[in-house]
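Participant: My structure is below; once you've seen it, I'll send some questions.
The values are calculated or read from the model by the stated rules, or taken from the named source; none is laboratory data. Everything quoted here is computed from the prediction, not taken from an experiment. Cβ placement follows ideal geometry from the backbone for every residue including glycine, while neighbour counts extend to all protein chains displayed. Heads up: the accessible areas ignore ligands, DNA and RNA and are worked out on the full protein's heavy atoms, side chains in. Shrake-Rupley method; radii C 1.70, N 1.55, O 1.52, S 1.80 Å.
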Amino acid sequence: TLDAALDGNEVPTEIYRNLIDAVHRSFAPMYRYVALRKKLLGVDELHMYDVYVPLIEIEEKPVSYEEAVEIMKEGLSVLGSEYIERLSRGIAAGWVDVFENKGKTSGAYSFGSYDSFPYVLLNFSGKLKDVFTIVHEMGHSMHSSYTRETQPFVYGGHSIFTAEVASTVNEALLMKY
């Protein structure tokens, strides 16, 4: 059953099993974090909504969209000048719809078609989390851009399994930066 589920996306079973093993190896730190969060919040049972409650108050410096783009470029600079140039051209070409607007859906998305540039919808509010959001969504868009440039239409899509790789790598690079 597992082989059949992964076959359509050409994901080797070994890759899937390695992913599951990595998650299992991370359980102990996650359990410690959950125990600490419960203790600090003074609750016996942690619910999903409790995960979003801040544990401490930190004065957050506002970040403009322009600053966010510069932080993104610096954080992702290890991917090379061609990557940063393509990313910069995308920003300049209007890939990103930045701010909330009447009728605009919440959250953030990267999408488009094979013969269009990728579009990113953000609801940028000037916080550090928004820098992570644009870095994540631009990971999807850069992946799509490279794919559409190098692959024919029939291979121009990607699975959810691979779609999150580029975006998550971008987030990890930003965090390291």
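Participant: Residues that are of a type in the set (K, R), within 20 Å of V120 (Cα to Cα) and at pLDDT 95 or above: does segment 85-97 have at least one?
Facilitator: Start the filter on segment 85-97 by keeping residues that are of a type in the set (K, R), which leaves 86, 89.
From the residues that got through so far, the ones that are within 20 Å of V120 (Cα to Cα) too are 86, 89.
Checking the rest, the ones that are also at pLDDT 95 or above come to 86, 89.
Yes; the residues of segment 85-97 include at least one that is of a type in the set (K, R), within 20 Å of V120 (Cα to Cα) and at pLDDT 95 or above.
Participant: Quickly run through segment 125-160 and pick out the residues that are in contact with a Leu (Cβ under 8 Å, 6 or more places away or on another chain) and not aliphatic (A, V, I, L, M).
Facilitator: D130, F132, T133, E137
Participant: Then there is this: Would you say I58 is in contact with a helix residue (DSSP H, G or I) (Cβ under 6 Å, 6 or more places away or on another chain) and over 24 Å from Q151 (Cα atoms)?
Facilitator: Criteria not met by I58.
Participant: Looking only at segment 158-177, filter to residues that are among the small types (G, A, S) and under 20 Å from Y16 (Cα atoms); which one of those is surrounded by the most Cβ atoms within 10 Å (Cβ to Cβ)?
Facilitator: Only one residue tops the list, namely A166.
Participant: Filter segment 27-52 for residues that are closer than 30 Å to L6 by Cα and surrounded by fewer than 10 Cβ atoms within 10 Å (Cβ to Cβ); which is nearest to the chain's Cα centre (by Cα)?
Facilitator: In this case the residue turns out to be M48.
Participant: Given the conditions (1) open to solvent by 80 Å² or more (accessible area, probe 1.4 Å); (2) not in a loop (DSSP other than H, G, I, E, B), report the number of the one that E10 does not fulfil.
Facilitator: Every listed condition holds for E10 apart from (2).
Participant: Scanning segment 155-164 for residues that are farther than 14 Å from M138 by Cβ and in a helix (DSSP H, G or I), which turns out modelled with the highest pLDDT?
Facilitator: Here the residue is Y155.
Participant: Okay, moving on. Checking S144 against (1) open to solvent by less than 50 Å² (accessible area, probe 1.4 Å); (2) closer than 22 Å to V63 by Cα, which single condition isn't satisfied?
Facilitator: That leaves (2) as the condition not met.
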